[in-house]
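K.L.:
Quick one: the structure is below, questions incoming.
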Amino acid sequence: QVHLVESGGGLVQPGGSLRLSCTASASIRSINAMGWYRQAPGQERELVATITSGGVTNYADSAKGRGTISRDNAKNTVTLQMNSLKPEDTAVYYCNVKYGQHLELWGQGTLVTVSS
């Protein structure tokens with residue numbers, strides 16, 4: 001059975017930090033890329049950051065300078081650390097895994113609310 005387990009999120013004060021982790025089940029083979037996307041109310045889902053199995057990263061402009069994505073290939077885990085959070089970072093954050101031949105899996109999402 002293939003699945004993703006997300007952790008982290010919750011209520012964060014403006015200027016604070018978040019740390020999101022996602023672990024893919026061991027049954028998922030040949031992972032090409034892992035990453036995080038987010039969807040704010042009334043908006044489309046958008047990229048936050050991705051990282052390939054070789055460690056190549058890609059960040060949305062909104063995350064550049066504030067976010068760091070890392071990956072543990074042995075544990076099938078991807079972690080997003082993001083600092084200096086703003087109210088506009090409020091969204092449901094989704095883990096995404098691309099694996100095999102054009103296969104893709106999404107996590108269930110974790111809510112991040114940035115508010116004082």
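K.L.:
Mind checking which residues of region 30-57 are at pLDDT below 95, of a type in the set (S, T, N, Q) and surrounded by fewer than 12 Cβ atoms within 10 Å (Cβ to Cβ)?
P.N.:
Within region 30-57, Ser30 is the sole residue that qualifies.
K.L.:
Out of curiosity, is Leu20 closer than 27 Å to Ser116 by Cβ, among the hydrophobic types (A, V, I, L, M, F, W, C), open to solvent by 40 Å² or more (accessible area, probe 1.4 Å) and modelled with pLDDT of 95 or more? Break it down into steps so the answer makes sense when it comes.
P.N.:
Details: closer than 27 Å to Ser116 by Cβ: yes; among the hydrophobic types (A, V, I, L, M, F, W, C): yes; open to solvent by 40 Å² or more (accessible area, probe 1.4 Å): no; modelled with pLDDT of 95 or more: yes.
Here the answer is no, as Leu20 does not meet what is asked.
K.L.:
When you look at Val97, is it among the hydrophobic types (A, V, I, L, M, F, W, C), within 18 Å of Val12 (Cβ to Cβ) and part of a strand (DSSP E or B), yes or no?
P.N.:
On the way: among the hydrophobic types (A, V, I, L, M, F, W, C): yes; within 18 Å of Val12 (Cβ to Cβ): no; part of a strand (DSSP E or B): yes.
Considered against the rule, which asks whether it is among the hydrophobic types (A, V, I, L, M, F, W, C), within 18 Å of Val12 (Cβ to Cβ) and part of a strand (DSSP E or B), Val97 comes out as no.
K.L.:
A follow-up question, please. Being hydroxyl-bearing (Ser, Thr, Tyr), closer than 17 Å to Gly107 by Cβ and surrounded by fewer than 19 Cβ atoms within 10 Å (Cβ to Cβ) is the requirement here; does Ser27 meet it? Break it down stepwise before answering.
P.N.:
Values: hydroxyl-bearing (Ser, Thr, Tyr): yes; closer than 17 Å to Gly107 by Cβ: yes; surrounded by fewer than 19 Cβ atoms within 10 Å (Cβ to Cβ): yes.
Considered against the rule, which asks whether it is hydroxyl-bearing (Ser, Thr, Tyr), closer than 17 Å to Gly107 by Cβ and surrounded by fewer than 19 Cβ atoms within 10 Å (Cβ to Cβ), Ser27 comes out as yes.
K.L.:
Output the residues belonging to region 72-91 that are of a type outside the set (Ser, Thr, Tyr), at pLDDT 95 or above and either open to solvent by 40 Å² or more (accessible area, probe 1.4 Å) or over 19 Å from Glu6 (Cα atoms) (or both).
P.N.:
Going residue by residue through region 72-91, those that are of a type outside the set (Ser, Thr, Tyr) are 72-76, 78, 80-83, 85-89, 91.
Filter once more, keeping what is at pLDDT 95 or above: 78, 80-83, 85-89, 91.
Of everything in region 72-91, those that are of a type outside the set (Ser, Thr, Tyr), at pLDDT 95 or above and either open to solvent by 40 Å² or more (accessible area, probe 1.4 Å) or over 19 Å from Glu6 (Cα atoms) (or both) turn out to be Gln81, Asn83, Leu85, Lys86, Pro87, Glu88.
K.L.:
While we're looking at this one, here's another question. With respect to the numbered conditions (1) among the acidic types (Asp, Glu); (2) open to solvent by 70 Å² or more (accessible area, probe 1.4 Å); (3) under 17 Å from Cys95 (Cβ atoms), which one is the sole condition not fulfilled by Asp61?
P.N.:
Checking Asp61 against (1) among the acidic types (Asp, Glu); (2) open to solvent by 70 Å² or more (accessible area, probe 1.4 Å); (3) under 17 Å from Cys95 (Cβ atoms), the one that fails is (3).
K.L.:
Let me ask you something else. Conditions first: (1) among the basic types (Lys, Arg); (2) free of Cβ contacts under 8 Å to residues at least 40 places away in the same chain; (3) within 21 Å of Gly16 (Cβ to Cβ). Arg71 passes all but one, so which condition is the exception?
P.N.:
That leaves (3) as the condition not met.
K.L.:
List, please: which pairs have Cβ atoms under 6 Å, are six or more places apart or on different chains, and start with a residue in region 25-49 that is touching a residue at least 12 places away in the same chain (Cβ under 8 Å) and within 27 Å of Thr113 (Cα to Cα) and end with one that is surrounded by fewer than 19 Cβ atoms within 10 Å (Cβ to Cβ) and of a type in the set (D, E, K, R)?
P.N.:
Ala33/Lys98; Tyr37/Arg45; Gln39/Arg45
K.L.:
While we're looking at this one, here's another question. Can you name the condition, by its number, that Tyr99 falls short on among (1) in contact with a Lys or Arg (Cβ under 8 Å, 6 or more places away or on another chain); (2) surrounded by 20 or more Cβ atoms within 10 Å (Cβ to Cβ)?
P.N.:
(2)
The values are calculated or read from the model by the stated rules, or taken from the named source; none is laboratory data. Small disclaimer: the values here were computed from a predicted structure and weren't measured. We place every Cβ from the backbone using ideal geometry, glycine too, and count neighbours over all the protein chains shown. In case anyone asks, the SASA skips ligands and DNA or RNA and just uses the protein heavy atoms, side chains included. Shrake-Rupley method; radii C 1.70, N 1.55, O 1.52, S 1.80 Å.
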